Every structure is written in structure tokens, then in C-alpha cells.
Ligand code: SF4
């Protein structure tokens with residue numbers, strides 16, 4: 001063993017959905033280094049977040065005692081963006097007192113205003129077991145399906161389109177299948193920043209001759225490896241993709257045999273794209289007809305073509321339509337169901353796939369079984385031995401909207417339980433969302449730090465960081481992977497799984513998950529039953545032994561299936577259900593008052609709302625300040641040097657931040673990462689929702705930009 005450390009613990013990276021396996025090197029209950037492990041998704045590779053983003057767990061600002069809001073201290077939604085001393089607002093409490101206060105407040109509201117009065121936000125950063133227990137607590141303890149998490153802000157539209165089209169919301173092929181692809185379309189994704197190890201597979205493939213086509217309004221780093229870069233106009237995905245579909249059909253490049261055997265509704269698609277010629281769509285999307293034809297032909301005729309996409313596709317009021325077009329492209333060309341083909345929505349958070357699988361969504365129980373399907377509802381009533389609501393619950397943005405509803409509204413949300421999410425930073429139109437959180441009569445927040453959301457809580461419960469607990473997570477490739485506890489908890493902080501169970505007990509639920517690490521193995525095994533099939537072959541013991549198993553995995557002998565849809569799709573009739581989509585503009589377009597388009601997103605060094613990475617020394621040192629990226633020509637026009645301060649305003653809010661010159665930004669468009677509380681991008685963004693996925697339009701709103 002390594003003499004310089006006390007122990008080496010095998011676990012999983014807590015950041016992105018790539019799911020790199022790693023080793024925590026621990027000395028004196030502190031992580032001193034992280035090394036990449038030979039996992040199936042990373043083969044020893046790690047990015048800067050995985051390697052250096054661990055010391056947030058040791059940060060001096062960790063919450064180590066339960067806190068209760070002092071009597072009479074008002075909840076000021078505008079104070080959330082300012083760091084301050086929590087002692088002015090909260091007092092320390094014992095666990096017993098805090099749990100009684102947390103559960104007592106929720107129970108009182110449930111008993112006074114009915115079962116729909118409460119809601120819960122779980123976390124895509126927690127384990128599968130935490131996600132499973134959290135949704136079970138809301139459904140069986142609160143009594144409604146008002147449970148959701150940040151998948152709503154991430155790939156909800158992708159999942160809606162995929163469930164409708166191919167019957168499964170997960171990826172068809174793993175990322176590193178790009179090595180078997182001759183052609184790869186990467187659309188609405190900036191993988192070198194957001195899925196860096198995934199990007200290494202793409203770069204390796206490009207070096208071996210794979211044609212990478214990068215389609216994105218921003219010219220990002222991957223363009224250096226791309227065969228073609230389509231810098232299309234923001235939000236015109238449907239126009240671009242329908243033009244490609246037109247070319248494929250008009251030029252006879254479809255796979256007629258595949259369509260006959262495996263695709264429904266082809267004629268409706270043909271009718272929809274009959275007039276969407278490259279010439280007609282070019283003025284909308286900004287790509288020349290010749291390039292559209294060239295790329296469409298290359299995609300359709302290559303021996304194996306794969307599509308990967310990110311939130312540039314999904315975070316629109318027509319995100320579901322965008323993905324419907326991608327499904328159509330793959331299925332009419334037969335580019336799915338084989339190695340190096342298929343559809344891959346790159347998952348953002350480390351466990352957004354697993355948390356969704358575990359049922360942390362308002363319309364579905366574990367494994368996407370709909371709450372309003374009578375047989376499913378009855379099965380879960382018997383399984384959990386309780387009465388359940390048979391109506392889908394509210395989604396993330398709707399819940400905070402309903403928190404501000406008048407008392408007469410039967411859907412009004414009066415109280416909430418938030419575990420490991422930070423809606424006071426991550427929701428669109430933050431002023432409105434923060435007012436919603438502040439207006440709740442009872443808010444329980446469980447987190448590592450005094451987040452912007454925790455500032456508005458009545459009770460704050462100090463929780464566990466990823467290296468402090470054992471549990472499973474599921475990556476973007478459908479790999480269920482084992483994370484192991486490397487550290488003891490600081491102070492009186494507790495494992496999240498323990499906290500959920502203590503609240504459940506106080507809400508009158510008779511749960512009993514015995515065993516080490518808060519009964520994590522027992523919870524996993526119950527979840528495995530609830531999921532009906534897909535992880536049937538993935539027992540806890542097998543995960544302890546193998547560390548990573550890909551589902552579907554139907555039996556103990558099944559090695560797992562990295563590539564699906566080889567024979568049939570997961571729809572009712574086993575065939576793709578094509579849903580044609582027409583081009584629709586964004587919900588808010590630029591005008592003379594707000595002439596720029598704002599795109600939000602992430603950057604390599606920071607993670608989501610910044611609560612972890614901004615407390616990781618190396619990462620914060622590399623990127624310490626909020627910035628807005630714009631083209632050099634725009635800086636010249638504004639008379640601002642790179643690094644100078646600009647103000648960005650929308651109809652909903654204002655932020656001031658440093659300008660960053662990025663000539664990959666199209667003129668007229670600016671980009672702001674959403675990790676910075678002091679210049680929160682989501683003060684600006686538009687809460688308009690996609691009607692199917694209920695995802696907000698983070699990738700497009702109108703703003704004004706001025707110097708100073
Ligand atoms: Fe972690 Fe993702 Fe980086 Fe891998 S690519 S080390 S999972 S952040």
C-alpha cells in the first residue's frame with residue numbers, strides 16, 4: 001500500500017454524468033488526492049473537476065449542526081444572494097429538536113391544507129437509494145406526487161420525446177461507442193467543458209478518422225476536432241434538422257427496410273418535411289443549403305452514425321420537438337440499434353439518470369411507471385402498503401409558482417422539503433422563485449452548506465458529502481456504479497439516507513431498513529424490486545464485487561446490455577413512433593429594448609450552482625469570478641475591454657459581471673455560466689416551459705448589455 005495515506009477508497013466522481021471511477025486517497029480523515037480508476041466509462045481518465053474538486057467536503061463552511069430559524073426573523077428573498085452570518089438568522093439545535101420541528105411543520109400543513117399542500121425536491125447529486133427513499137417519503141408520507149428534481153431543468157424534454165418515440169428515456173449506446181462510429185453529430189453540447197472525459201473519446205475517434213460534426217450556436221473547443229462545424233442560429237434546431245430530414249427523404253437515403261420493419265408514422269414525417277428544403281430553412285438556421293445537404297448525406301450513408309446532444313437541445317420551450325427530430329433522423333436512416341449508432345442525451349449530473357430511474361419525478365414511479373396507470377398505481381399501493389395519489393404531481397417550476405398562489409388555490413404549495421438542490425440559484429426567473437421559497441410557511445433544507453435556498457429555510461439539516469457515504473449512482477451510459485464511504489462525517493452532520501428515514505418516522509411511516517450505512521443495501525434491494533426488471537440482475541452483492549454493471553441486466557448471468565434496441569424498441573408495439581415537428585420560435589425574442597440573446601450553461605471548472613466547486617480551492621482559483629462571454633466585435637461596439645465590467649438586463653432581473661472575449665460567440669449572443677451567486681444568470685432567464693417536458697427555456701431569452 002501507499003505509505004503516505006491511511007487508506008485508498010474506490011468510488012465514483014461526484015460531478016458529471018460521465019461517471020468516472022476514481023480512488024480517494026485519505027490521510028487523517030481528509031482526501032489528499034484523487035486518482036482515476038479503470039472504470040468502463042473513463043479507463044483511468046479524469047478531468048479537472050474529478051481530480052481537484054474534492055476539498056469542498058473539508059470546507060470550513062460545512063454545516064455541522066442542525067439549525068432552526070430564530071423566531072421573528074423574516075425571510076428576505078433578496079438576501080439570498082449575499083453571503084452573511086447565518087447566526088443572525090438561525091440558532092443551533094439538537095437533532096431531535098430539529099427533526100421534530102422539520103417533520104412537525106410539514107405534518108401540520110398536510111393536516112391543515114390537505115395532501116397536495118406539500119412538495120419535495122430531491123437531488124440528482126445523491127445516490128439512487130436516497131432518491132428512491134425521498135420519492136417514497138413524498139408519495140407515502142406527504143400524500144401526493146409533488147416530487148421532482150433538477151432533471152426537470154436538464155433533460156426532461158429529451159426524456160419526454162424518447163419515452164414517446166422509442167419507449168425508453170435512457171441512452172441507446174454508451175459514449176465511448178463513438179470509437180465504432182464513422183460519423184458523430186454532437187449537437188447543443190459543449191463536451192470539452194461539461195463532459196470532459198466523454199470529449200476525450202470523441203477526440204480519439206476524430207484522430208482515427210471519424211467525421212465529427214459539431215452543431216451549436218457557439219463555436220466551442222471541440223470544433224478543433226470537428227470535420228464540420230455548423231454554427232447555426234440559436235434555437236433553430238428544428239429548422240436545421242427538418243432540412244436534413246428533407247434531404248434524406250428526397251434523395252432516397254432512408255433505410256426503407258428498417259422503416260418497414262421498425263418505424264411507425266413515416267408518412268406523417270414525410271408530409272411534415274416536404275417543404276422544409278435546405279433552401280427554405282437556410283435563412284432561419286443560418287447554415288448554407290450545400291452544408292446541410294453534405295452533412296445530411298454523410299450522416300445517412302455512413303456505416304455507423306451516432307448522435308449525442310446536451311442541454312442546448314433540451315432547454316427550450318420546444319425542446320421535446322428538437323429531440324423528436326433527432327429520433328426521426330436516427331430511425332429513418334436505420335442509424336440505431338447497432339454499435340456506433342444511436343441516440344445519446346449526455347446526462348449532466350452524476351446521478352440524474354439514476355435519480356430519474358428511481359422515481360424522483362412527479363408523473364412516474366420507479367422505472368418510469370406512470371402514477372395514473374391503474375395497474376401500476378395498484379401495484380405500488382400494495383408494495384408500499386398504503387394509499388397513493390393517482391394524479392401526476394407538479395414539476396419543479398410549477399411547484400415554486402404554486403408556492404406563491406393565493407390560499408384559495410387548491411394546488412397551493414404551503415411547505416417543502418428540499419434535499420441537496422438549490423432552486424434559489426437553479427430555477428429560471430430567480431426573483432420570482434426566491435419569493436416563492438420565501439413565502440412557504442415551512443421549508444426544510446438538507447444540504448452541506450448554507451446555500452441560497454437554505455437561507456430561506458425554517459429548518460436546515462446538515463447532510464453528508466458524497467465521499468462520506470456509501471451508495472450507488474447511474475451514469476449517462478446506464479451503468480449502475482458503487483460509491484464507497486471514504487470519510488467520517490464532520491461534527492454532527494448525518495448521512496442523507498438516515499435523515500430521510502428519521503423524517504419518515506416522525507411523519508408516521510413504519511419503515512425498517514436495517515444494516516450498515518443507514519441500511520443502504522436494504523433500500524437498494526427494495527428499489528430493485530420496484531423497478532421491475534431492468535436491474536433485476538444487479539444485486540447489491542454483485543455491485544460490491546463488480547463496481548459497475550450496465551442495465552438492462554435481467555439476470556445474475558446477464559453481463560448487461562450497453563447497446564439497446566437491437567431487435568425492437570421499448571414502445572408498446574416495439575416500433576419507433578415518429579412525431580413530426582414544425583419550427584417554432586423561442587418564447588421571448590430580442591427586440592429594440594433587449595437586443596441580445598442570452599444563453600446560459602456551465603464551464604469546465606464549476607459545477608451547477610457552484611456550492612461545491614466554488615468551495616474547492618483549485619477550481620475556484622482557476623475561475624474565481626462570474627463572466628459574460630461575447631464576441632470581440634460586440635466588445636468593441638460597447639467600448640468595453642476584455643475583463644471590463646458590463647451590465648446585463650432582462651425583463652426579469654439585472655446582473656453585473658466581467659466581460660470575456662470569446663470570438664466563438666456569434667455576434668448578438670452572450671453566454672453566462674449559472675454557477676455564480678453574485679451574478680446569478682437565472683435572475684435573467686425566462687421561466688416559459690416546454691409543454692411536454694415542462695423544462696424552462698434556459699438557452700434563450702432577450703437581454704440588454706451595456707458598459708459598466
Ligand atoms: Fe468527473 Fe465528469 Fe470529469 Fe469524469 S468527466 S472526472 S465524471 S466531472
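Brief remarks on what is shown
- Rel. contact order, % - alpha carbon contacts under 8 angstrom, at least six apart, the stretch 244-328: 33 percent
- Estimated from the Cβ-Cβ distance and a Förster radius of 41 angstrom, the FRET efficiency linking residue 633 and residue 208 is about 0.65.
- Among 473-479, 579-585, sorting by the average number of other beta carbon atoms lying within 10 angstrom of each residue, highest first, gives 473-479, 579-585.
- Stretch gain in nm, segment residue 593-residue 407, where the contour uses 0.36 nm per residue and the Cα spacing is subtracted: 63.3 nm
- The stretch 633-683 and the stretch 557-603 have Cα centres spaced 28 Å apart.
- Taking one quarter of the surface of the C-alpha convex hull of the chain gives a mean projected area of 29.2 nm².
- Fewest-first ranking of 451, 112, using other Cβ atoms within 10 Å as the exposure measure: 112, 451
- FRET efficiency for residue 707 and residue 663, using Cβ-Cβ distance with R0 set to 22 Å, rounded to 0.05: 0.70
- Helix 516-530 and the long axis of the chain differ in direction by around 50°, with both axes built from C-alpha atoms.
- Spin-label pair residue 568-residue 3: with each label point 7 Å from Cα along the Cα-Cβ axis, the two points sit 6.3 nm from one another.
- Average Cα contact separation per residue, the stretch 269-428, under 8 Å, 6 or more apart, as relative contact order %: 12 percent
- Counting every other Cβ atom within 10 Å of each residue's Cβ, 116, 107 order from fewest to most as 107, 116.
- What the Cα atoms of the stretch 360-408 give is an Rg and a Dmax of 13.0, 36 Å.
- Length gained on full extension, residue 279 to residue 112, computed as 0.36 nm times the residue gap minus the Cα-Cα distance: 54.0 nm.
- Kirkwood Rh in Å, taken over all unlike Cα pairs in the stretch 262-407: 19.0 Å
- Ordering of 593-599, 370-376, 429-435 by packing [mean C-beta count within 10 Å, highest first]: 429-435, 593-599, 370-376
- Over all Cα atoms in the stretch 1-112, the spread is summed up by Rg and Dmax: 20.3, 60 Å.
- FRET efficiency for residue 386 and residue 87, using Cβ-Cβ distance with R0 set to 45 Å, rounded to 0.05: 0.65
- Nearest 10 degrees, 0 to 90: helix 319-332 Cα axis against the chain principal axis: 50 degrees
- Between residue 544 and residue 622, the modelled labels are 3.6 nm apart [label points 7 Å from Cα along Cα→Cβ].
- Extending 7 Å from the Cα toward the beta-carbon at both residue 492 and residue 224 defines two label points whose distance is 5.2 nm.
- The angle separating the long axis of helix 496-506 from the principal Cα axis of greatest extent in the chain is about 60 degrees.
- Distances between every pair of Cα atoms in the stretch 639-708, grouped in 10 Å steps from 0 to the bin holding the largest one, split as 19, 51, 25, 5, 0 percent.
- Residues 201, 607 arranged by fewest to most Cβ contacts within 10 Å: 201, 607
- Backbone N under 18 Å from the residue 64 label point (7 Å along Cα→Cβ), restricted to the stretch 467-488: 467-469, 487-488
- The packing ranking of peptides 66-77, 333-344, highest mean first, is 333-344, 66-77, where packing means the average number of other beta carbon atoms within 10 angstrom of each residue.
- Relative contact order (%) - criterion: Cα under 8 Å, at least six apart; region: the chain: 20 percent
Values in this text are rule-based calculations from the coordinates and carry no lab data. Quantities reported herein were computed from a predicted structural model and do not represent experimental measurements. Methodologically, a virtual Cβ is constructed for each residue, glycine included, from the backbone with ideal geometry; neighbour enumeration extends over all protein chains shown.
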